[in-house]
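Trainee: Structure below; questions to follow.
Nothing in this text is a laboratory measurement; each read-out follows from the coordinates by a stated rule. None of the values given here were measured: they were computed from a predicted structure.
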């Protein structure tokens, strides 16, 4: 019996390792690493933009990775001109900032999901 237990435990460990995380690579949440290098990253998580208030410089690229199972978009209401289509978990949207000022944007599917970007010269 004492020789069987280590063999059973080793088999269990190998079986669990073979199972993996349960997520396919296509289901992996979008992260800062899926955004362009140097981009200002604003995550979509818990039906919020995180951070809600961001800072950037003219010429910066902003990247919104969707980390949720539900679809979102990012639509400028003032201070810029960008509008993404709806997109899901693991996808990103980017926009280049070309003017200084305050950019206000929203997810049109979730109107309480708003954000601002203070863009400096």
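Trainee: How many percent of the alpha carbon pairs in segment 23-120 exceed a separation of 21 Å? Each step should come with its number before you reach the end.
Mentor: Values: 1139 of 4753 pairs.
That fraction is 24 percent.
Trainee: Something else: How high is the relative contact order of segment 23-120, in percent, counting Cα pairs under 8 Å that sit 6 or more residues apart? Could you put the intermediate results ahead of the total?
Mentor: Working: 245 pairs, mean separation 30.1, N = 98.
This gives 31 percent for segment 23-120.
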